[in-house]
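Okay, structure first, notes after.
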């Protein structure tokens, strides 16, 4: 009889302990806890969802690259300033500033990549994308001049 009680007690203990709330001591700053793991809200990352995804992009870079244009030809770009800052549009958006205000675009970040939100400034349409790896940034900007018409691709790489 004592053995039966002991077995029932052990089974009950295992059943009760397996029902423990795995999220009880988990703090997900900008997300929700599921089975003890944080699922981050858009724009946040990290074990506790406490880091803005865009924070790794923020900074001033010096970039070099090429400009390849369908009508005016090709050129080399050296020592251009490229600044990435927080955008007030949303937590997952950044502002890209190329050449000290020469071109200002908005991008959406996701992981270590960003996608330039297609936009039109005067007769120019812009799109593109980029990545970050440590302190290095790579970016491709596509430009379409509807007046000329001409398409240019800017391929840039640089570091903080």
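The values are calculated or read from the model by the stated rules, or taken from the named source; none is laboratory data. Source: prediction; values computed, not measured. Reconstructed Cβ throughout: ideal geometry from the backbone, glycine too, with neighbour counts over all protein chains shown.
Restricting to the range 87-102, name every residue that is closer than 18 Å to residue 159 by Cα and not in a loop (DSSP other than H, G, I, E, B).
First, the residues of the range 87-102 that are closer than 18 Å to residue 159 by Cα: 94-100.
Scanning the range 87-102 gives 94, 95, 96, 97, 98.
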* Asked: So residue 32 clears everything in (1) more than 30 Å from residue 105 (Cα to Cα); (2) at pLDDT below 95 except one condition, right? Which one?
  -> (2)
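Out of the range 47-84, which residues are assigned to a strand (DSSP E or B) and within 30 Å of residue 37 (Cα to Cα)?
First pass over the range 47-84, keeping only residues assigned to a strand (DSSP E or B): 51-52, 59-69, 73-84.
Hits for the range 47-84 are 51, 52.
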* Just a yes or no: is a residue in the range 68-75 touching a residue at least 40 places away in the same chain (Cβ under 8 Å), over 17 Å from the mean Cα position of the chain (by Cα), exposed (fewer than 13 other Cβ atoms within 10 Å of the Cβ) and not assigned by TED's automatic domain parsing to the domain that holds residue 30? -> yes
* Yes/no for residue 159 being without any contact (Cβ under 8 Å) to a residue 40 or more places away in the chain, surrounded by fewer than 16 Cβ atoms within 10 Å (Cβ to Cβ) and on the phi < 0 side of the Ramachandran plot -> no
* Structure fact -> By residue number, the members of the range 121-139 that are buried (at least 16 other Cβ atoms within 10 Å of the Cβ) and either within 15 Å of residue 63 (Cα to Cα) or modelled with pLDDT under 95 (or both) are 130, 132, 137, 138, 139
* Mind checking which residues of the range 43-62 are closer than 16 Å to residue 105 by Cα and surrounded by 13 or more Cβ atoms within 10 Å (Cβ to Cβ)? -> 54, 57, 58, 59, 61
* How many of the residues in the range 103-120 are in a strand (DSSP E or B) and at pLDDT below 95? -> 1
* **From the options 69, 38, residue that is at pLDDT 95 or above and under 30 Å from residue 23 (Cβ atoms)** => 38
